[in-house]
Amino acid sequence: MEDKPSRQTLLKNPTIRAATASDEAAVFDVIVLAFSADPVARWTWSDPQQYLVNFSGFARAFGSGAFAHGSAYVADENAAGAALWLPPGVEPDEAALIELLQSTASKQSQQHAFQVFEEMGGYHPSEPHWYLPLMGVDPFRQGQGLGSALLKRALVACDRDSSLAYLESTNPKNVPLYQRHGFELLGTIQVETSPPLFPMLRKPRRLAPS
């Protein structure tokens with residue numbers, strides 16, 4: 001998901017709200033759109049039809065826990081973007097992820113995908129932290145500041161509660177966006193044919209005295 005300023009008009013005050021159960025289908029639809037050219041997603045499902053059929057299920061296994069904890073967010077009323085945050089102690093559905101990858105991922109990616117996941121786990125902080133497994137903006141709306149607005153909504157709570165925030169960027173184009181919001185690059189994850197992933201950690205910032 002790319003969210004740097006472009007020829008499109010930046011929105012001054014994008015509307016960001018907590019997603020409800022009625023938003024769930026729209027949230028996963030926009031995430032599928034946003035990741036349609038993502039290097040890691042398309043390495044996993046290089047066939048377009050297989051991507052469209054399977055990525056929504058992957059996204060649900062990866063991030064749907066956010067809905068149960070009130071930490072799924074949507075941008076604008078028509079869900080032009082979405083972010084799924086998992087609170088401390090909440091994990092993706094690992095069993096569902098493994099089953100889906102084993103049964104649907106391309107042969108090339110299956111050889112190395114599970115090693116990629118192992119390396120991802122090695123970068124996760126041992127301390128309690130918020131995890132951002134998925135964030136995406138409709139390609140038609142990218143460049144309007146929606147990604148930044150989605151990040152800010154959750155990071156305010158991280159700063160308030162002095163909590164770490166962690167993510168893996170699956171696209172090098174998005175690393176500067178996260179760095180602008182305080183995330184630091186921890187390293188690079190790459191196994192054989194896989195595109196690089198970029199684990200990033202953000203320490204809480206001190207809030208200005210009121």
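Assuming charge only on the beta carbon of Lys and Arg (+1) and of Asp and Glu (-1), the dipole of the chain about its Cα centre is about 920 debye to the nearest 20.
Taking the charge dipole of the chain about its Cα centre, with +1 at Lys and Arg Cβ atoms and -1 at Asp and Glu Cβ atoms, the residue from 148, 73, 167 reaching farthest to the positive side is 148. For residue 114, neighbours were defined as the other residues whose beta-carbon sits under 14 Å from its Cβ, and their charges (Lys and Arg +1, Asp and Glu -1) total -4. Rounded to the nearest 10 degrees, the angle from helix 146-160 to the longest Cα principal axis of the chain is 70 degrees. Extension gain, residue 98 to residue 52: 0.36 nm times the residue separation minus the Cα-Cα distance gives 14.7 nm.
Label positions at residue 123 and residue 179, each projected 7 Å from the Cα along the C-beta direction, are separated by 1.4 nm. Axis of helix 24-34 versus longest Cα principal axis of the chain: the two differ by about 70°, to the nearest ten degrees.
Coordinate-derived values only; no laboratory data. This structure is a prediction, so every number in the text was calculated from the model and none was measured. Here the Cβ is made from the backbone with ideal geometry for all residues, glycine too, and neighbour counts use every protein chain on show.
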